Amino acid sequence: MYSTKVIEHFKNSKNYGKIENADGIGKVGNKKCGDVMWIYIKIENGLIADAKFETFGCVAAIATSSMAIDMIKGKPIEEALAITNKAVAEALDGLPPEKMHCSILAEEGIKSAIEDYMSKKKNN
Amino acid sequence: MYSTKVIEHFKNSKNYGKIENADGIGKVGNKKCGDVMWIYIKIENGLIADAKFETFGCVAAIATSSMAIDMIKGKPIEEALAITNKAVAEALDGLPPEKMHCSILAEEGIKSAIEDYMSKKKNN
Amino acid sequence: MDLKNYFDYNATTPVDTRVIEAMQPFFFENFHNPSSFYSKAGEALHAIDIAREQAAKLLNAQPEEIFFTSGGTESDNLAIQGVASMYKEKGNHIITSAIEHPAVLKTCQFLAKKKGFEVTYLPVDEKGYVSTKELKESIKDTTILVTIMHANNEIGTLQPLKELVEIAHSRGVYFHTDAVQSTGKIPVDVKNLGVDMLSFSSHKIYGPKGMGVLYLKKGVKIDPLLFGGGHEHGLRAGTENVTGIVGIGKAAEIALAEMADEEKKLRPLRDRLKKGILETIPDVLVNGDPENGLYNTLNVSIRHIEGESILAMLDADGFALSSGSACSSKSLDPSHVLLAIGLKHEDAHGSLRISLGKYNSEDAVNNLLETLPTVVQRLRSMSPFWTNK
Amino acid sequence: MDLKNYFDYNATTPVDTRVIEAMQPFFFENFHNPSSFYSKAGEALHAIDIAREQAAKLLNAQPEEIFFTSGGTESDNLAIQGVASMYKEKGNHIITSAIEHPAVLKTCQFLAKKKGFEVTYLPVDEKGYVSTKELKESIKDTTILVTIMHANNEIGTLQPLKELVEIAHSRGVYFHTDAVQSTGKIPVDVKNLGVDMLSFSSHKIYGPKGMGVLYLKKGVKIDPLLFGGGHEHGLRAGTENVTGIVGIGKAAEIALAEMADEEKKLRPLRDRLKKGILETIPDVLVNGDPENGLYNTLNVSIRHIEGESILAMLDADGFALSSGSACSSKSLDPSHVLLAIGLKHEDAHGSLRISLGKYNSEDAVNNLLETLPTVVQRLRSMSPFWTNK
Ligand SMILES: Cc1ncc(COP(=O)(O)O)c(C=O)c1O
Ligand SMILES: Cc1ncc(COP(=O)(O)O)c(C=O)c1O
């Protein structure tokens, strides 16, 4: 059902955990539906210097979280913002149709973390 | 489905055929239903001196015909008249329920042959 | 009984040893529920996919158009009851033929008796053909389904399905066909025939019993008959009979590959039987239309004697056949098919169906041709209607 | 995957090798259609008789009360739709429970949606029990059927069937029970329970897939679901799946003989699992009522993580289990059973069902108890809701 890449990211992900004093946190998803993703980012010089995830969810939710982190780490904010759910899914060699919503969650998670960073910056 | 006795009578019956100048012929059954039995009898001194059958029908129809002939041959008319369909079926070690009508045909065949003989005698 | 003397392939077939072999791993090693999550269950799922492709290929259908059922009877019921339930508001009229298998006839009768449907039973001519003209005239605005079989199981007559389908479709009416007897024996191409639904059964094509297929053309919607866990895209619930599915798939694959050779072997044997019987036994009627019907089927009425008796005599000699006689069918009436083609009751009672298959040989045909006249002669010598003694 | 690490016996079971052996002759040597006339067909008929007796014995029923179907789903559908179709004029109200298998729930939903029936879904308490009081209050003059399962497939809770049946009968209402999960595991005595109809399935008792039984108490009349050649006394048409029937019969015989020993072996293993999990993993909920429910079933919610992920981690380590999470069931909602007993959605998502059977061992249980905490720890370390890191 899942690609080997999905399983790899699910089983061996190293990107998870909290970032203390993160510059932005994106919290997306819904406990009730079984998928919750928190994306932590640390920004330095307009780059995403560090990023981590915490995810409650299925294999696809965890794998897309992990892949999303890989895709944004070290990248300029603009590039991170441009990442689509399709790109995440493709990077994982695809997802089963009923799991595509997980990749949407990942896209939203990134965006939401960056927004959080932006709004904090504005308010400072 | 059939007792060995039924199969024996069906396969090895020797009682079949016409009796030329029979004293009585009983014709019972119905082509449409698939069972027709003709019983021929020859009477001597109130005894059934000879009897034969011709039957169009299933295994049970042929076996009950054959058994019926066995049961009346050499017997006084009264005894033959007293033979019930159950007696015929029992003599064959039983019949499947849906085949009991064949034994009724056999009983009727005997009775009808004797009646034929009686009415011919009266008219002579 | 020696398998080579089995002449009742239209009743059922032994499972091909290659099919048995293909099924074996799914009893124990690969027993998993295909709906389960773990990877081993994926193997069962994969096996089902393969079988679905094999079945689709046999019919020139798409895999998504193949739905596995528990047999020909369920497929027929699913198609007919499924349309009836789905489109009852649209119309309550169903057209079928007088010579359908009970799986179709009794389903229609139930709908008529209990569910407010009106059913037209198209008559057939003396060879068993439905008339296209009569179909045309029978379709009404309330007609929602025409269900007419492809090959008849008793006499082997093949209906002009393509024409019949065109008539139904020209009036916007769905067409289902019971192709239980034709599938696996002759090419059955759903695209070419144009049918919306088609049933076939595993145990008639050397597959396991208890398995069938309903072909449902993409876009055709019917109500399910069995509700539950959403298997078979929600059309047929129930944990998949993986072993059986693998079996019917393999049987379909083999049938497709070998049916042409089967015809080459069996048609001459069947023709030889027909010629031999007509030459050695007087007063025999040939039922149906053997030349144009199923090449493996011969139905004859041996007049003046009754079918069950013939079967019993032949059974004692090791031959397995069937008859349209009332006695052998355990009902009160002889075959409705033989009556529908105009046979007298007594000739229907005296009918014999010889249906050939994979394990018959010329040898066996010769044996049967030798035995049958003796059996007939003995039974006729007992019959009041046989005057040629 | 090593069979001993298969912990999903409530989903399906491998076929017992003795059952496979018993079935083999009916693929090829004894392939004949049991409805046929010749003597070889009598052997198939006889094999069916024996299987019917074996199935009857398992339920303490009479052989004439046993009807073979294609599985638990068909049995459930036949019972429910059969009563609905037969007694619609008498009443259109059906009572069931909120925790039934989809084979019952979806059938009831279809009747409600399409056939004018009204369905009451009785709630259950936090252990999964239907209340006898609520059943009593739900019965109306229009009630024609109560259908409540014996053992629940997810949490193993056993309903107080006898009392429930008495309530239904005191109001003249038929009672059907889905005993797919209890049959073969614990004594199921139809006389004692008093039910009018009972369903069970072959592939849950080490028999072949695609076979089931409907027990129908003598005198109870229902409409058939499949019409055709009058098989199974006219209640279930279709050429008999002789191989499957022989299989379910043998499986029933073995289950009856060995179920007490199974319980002796499996209950301690299940209890050990429960104790071990509670000792090694914090924040775990035990669902259902393990002490009084099925001895082979353990359902737990491992809070703060999601079930499919647990299954996937365990699968990688060679363990097969199931979960009530939405993800593993391919629907959008988590298990309706777990929600019905009052679990929060997120705890239902984190549920794990461990169901034991014949081929589990203490060894495997120890392995699982060793692996599970590691898996849980890793997933929790990824979870935003786990704060004890
Ligand atoms: C023409 C036809 N339709 C339907 C059926 C029923 O199929 P099954 O025996 O698989 O239920 C049969 C055979 O019994 C048949 O010959
Ligand atoms: C309680 C219950 N009822 C019904 C069924 C359906 O039975 P089957 O899989 O044989 O169709 C199952 C299992 O899937 C079950 O666990």
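No lab work stands behind these numbers, since they all come straight from the coordinates. Please read these numbers as outputs of a predicted model, since none were measured by experiment. Backbone-built Cβ (ideal geometry, glycine too); neighbour counts: all protein chains shown.
Semi-axes of the equivalent ellipsoid of segment A:4-117: what are they in whole Å, largest first, if each equals the square root of 5 times a C-alpha gyration tensor eigenvalue?
Semi-axes (√(5λ), whole Å): 21, 14, 13.
Hey, quick one: spin label on residue B:124, modelled 7 Å out along Cα-Cβ, who in segment B:22-58 has an amide N within reach, i.e. under 17 Å?
Only B:22-26, B:40-51 pass the distance filter.
Roughly how compact is segment D:280-338, stated as its Cα Rg over 2.2 N^0.38 Å to two decimals? Don't jump to the answer; show the numbers that get you there.
On the way: Rg = 12.1 Å, N = 59, 2.2 N^0.38 = 10.4 Å.
After normalising by residue count via 2.2 N^0.38 Å, the value is 1.17.
Could you give me the percent of Cα pairs per 5 Å distance bin for segment B:19-65, shortest bin first, beginning at zero and ending with the bin that holds the maximum distance?
It works out to 5, 23, 27, 19, 14, 9, 3, 0, in whole percents.
Determine, from the Cβ-Cβ distance of residue D:45 and residue D:125 and an R0 of 35 Å, the FRET efficiency 1/(1 + (r/R0)^6), rounded to the nearest 0.05.
0.15
Please identify which residues in segment C:108-129 have an amide N closer than 13 Å to a label point set 7 Å out from the Cα of residue D:89, following the Cα→Cβ vector.
C:113-116, by backbone N distance to the label point.
Going 7 Å from Cα along the Cα-Cβ axis for the label, what nanometre distances separate residue C:18 from the same residue across the other copies?
3.6
Kindly point out, ordered by number, any Cys in the protein assembly as shown whose beta-carbon has no other cysteine beta-carbon under 4.7 Å away.
Those would be A:33, A:102, B:33, B:102, C:108, D:108, since no other cysteine Cβ in the protein assembly as shown comes under 4.7 Å of theirs.
Take the alpha carbon atoms of segment D:186-218, find their center, do the same for segment D:145-162, and report the distance between the two centers in whole angstrom.
Value for the Cα centre distance between the two parts: 13 Å.
Within a 10 angstrom radius of the beta carbon, how do A:58, A:33 rank from fewest other beta carbons to most?
Final ranking by Cβ density, sparse to dense: A:33, A:58.
Counting alpha carbon pairs within less than 8 Å and at least 6 residues apart, what relative contact order, in whole percent, applies to segment D:17-255? Please report the intermediate quantities before stating the final value.
On the way: 483 pairs, mean separation 68.1, N = 239.
Here the relative contact order equals 29 percent.
Taking the beta-carbon count within 10 Å as an exposure proxy, list C:171, D:380 from fewest neighbours to most.
So the ranking, lowest neighbour count to highest, is C:171, D:380.
Once you treat every alpha carbon in segment C:6-109 as an equal point and sum by Debye, what is log10 I(q)/I(0) at q = 0.12, 0.14 Å⁻¹?
Rounded to two decimals, the profile gives -0.65, -0.83.
Calculate how many DSSP beta bridges within segment C:17-255 are antiparallel, expressed in % of all such bridges and rounded to the nearest 5. Walk me through the intermediate numbers first.
Details: 11 of 27 bridges.
So the antiparallel bridges in segment C:17-255 amount to around 40 percent.
P(r) for segment C:231-346: what percent of alpha-carbon pairs falls in each 10 Å bin, starting at zero?
In whole percents, the pair-distance histogram is 11, 29, 27, 23, 9, 1.
Under a crude label model (7 Å from the Cα following the beta-carbon direction), how far is residue B:12 from residue B:78 in nanometres?
About 3.5 nm, to one decimal.
For segment C:63-92 and segment D:240-314, what is the separation of their Cα centres, given in Å?
Distance between centres, Cα-based: 37 Å.
Rounded to the nearest 0.05, what FRET efficiency is calculated for residue B:70 and residue B:20 with R0 set to 22 Å and r the Cβ-Cβ distance?
Efficiency for this residue pair is about 0.55.
Would you mind telling me which residue in D:252, D:55, D:340 has the biggest mean-square fluctuation in a Gaussian network model of chain D, where springs connect alpha carbons within a distance under 10 angstrom?
Highest fluctuation among the options: D:340.
Go from 0 up to the bin containing the longest alpha carbon distance in segment C:63-165, width 5 Å each, and give me the % of pairs per bin.
The distribution over segment C:63-165 is 2, 12, 23, 24, 20, 13, 5, 0, given as percents.
Report, to the nearest 10°, how far helix C:242-280 tilts away from the longest principal axis of the Cα atoms in chain C, using its own Cα long axis and a range of 0 to 90°.
With rounding to tens, the tilt is 20 degrees.
Inverting the mean 1/r over all pairs of different Cα atoms, compute the Kirkwood radius of segment D:17-255 and quote it in Å. Before the final figure, lay out each step's value.
Details: mean 1/r = 0.0554 Å⁻¹.
Value: 18.1 Å, from the Cα pair sum.
So if we plug the beta-carbon distance of residue D:374 and residue B:87 into 1/(1 + (r/R0)^6) with R0 = 60 Å, what FRET efficiency do we get, rounded to 0.05?
Once rounded, the FRET efficiency stands at 0.15.
When the chain is fully extended, how far beyond the present Cα-Cα distance does residue C:285 get from residue C:132, taking 0.36 nm per residue of separation?
Extending this stretch completely gives an extra 52.5 nm.
Identify which of D:61, D:103, D:41 has the largest mean-square fluctuation in a Gaussian network model of chain D, with springs joining Cα atoms closer than 10 Å.
In this elastic network of chain D, the residue with the biggest mean-square fluctuation among D:61, D:103, D:41 is D:41.
At 222 nm, what helix-only mean residue ellipticity would the protein assembly as shown give, in deg cm²/dmol to the nearest 500, using -39500 (n - 2.57) for each DSSP H run of four or more? Spell out each step's value before the answer.
Numbers: 36 runs with 442 residues, N = 1026.
For the protein assembly as shown, the value works out to -13500 deg cm²/dmol.
Could you give, in nm with one decimal, how far residue C:388 is from each other copy of that position, shortest first, with labels 7 Å out from Cα toward Cβ?
Label-point separations across copies, in nm and ascending: 9.5.
List the distances, in nm and shortest first, from the label point of residue D:132 to the matching label points in every other copy, placing each point 7 Å from Cα along the Cα-to-Cβ direction.
7.0
Over the Cα atoms of the protein assembly as shown, what radius of gyration and what Dmax do you get, in Å?
In order Rg, Dmax, the Cα atoms of the protein assembly as shown give 33.8, 136 Å.
What number of lysine-lysine pairs in segment B:32-124 show an alpha-carbon separation below 12 angstrom, given a sequence spacing of 8 or more or placement on distinct chains?
Lysine pairs satisfying the spacing and distance rule in segment B:32-124 number 5.
Nearest 10 degrees, 0 to 90: what angle lies between the long axis of helix D:39-59 and the longest principal axis of chain D (Cα atoms)?
50
Hey, quick one: spin label on residue D:170, modelled 7 Å out along Cα-Cβ, who in segment D:118-144 has an amide N within reach, i.e. under 18 Å?
Once the point is set 7 Å along Cα→Cβ of residue D:170, D:130-144 turn out to lie under 18 Å by backbone N, inside segment D:118-144.
Look at the axis of the rotation that sends chain C onto chain D, then give the chain C residue with the nearest Cβ and the distance in whole Å.
C:70, 2
Run the reach check for residue D:114 against lysines, Cα to Cα strictly under 22 Å, same-chain hits fewer than 8 apart removed. What comes back?
C:88, C:90, C:113, C:114, C:115, C:221, D:88, D:90, D:106, D:140
Check each of the trypsin sites (Lys or Arg not before Pro) in segment C:181-238 and keep only those in coil by DSSP with at most 13 other C-beta atoms within 10 angstrom; list them in order.
Filter output for segment C:181-238: C:218, C:221.
Give me D:378, D:303 sorted ascending by neighbouring Cβ count inside 10 Å, so fewest comes first.
By the 10 Å Cβ count, ascending: D:378, D:303.
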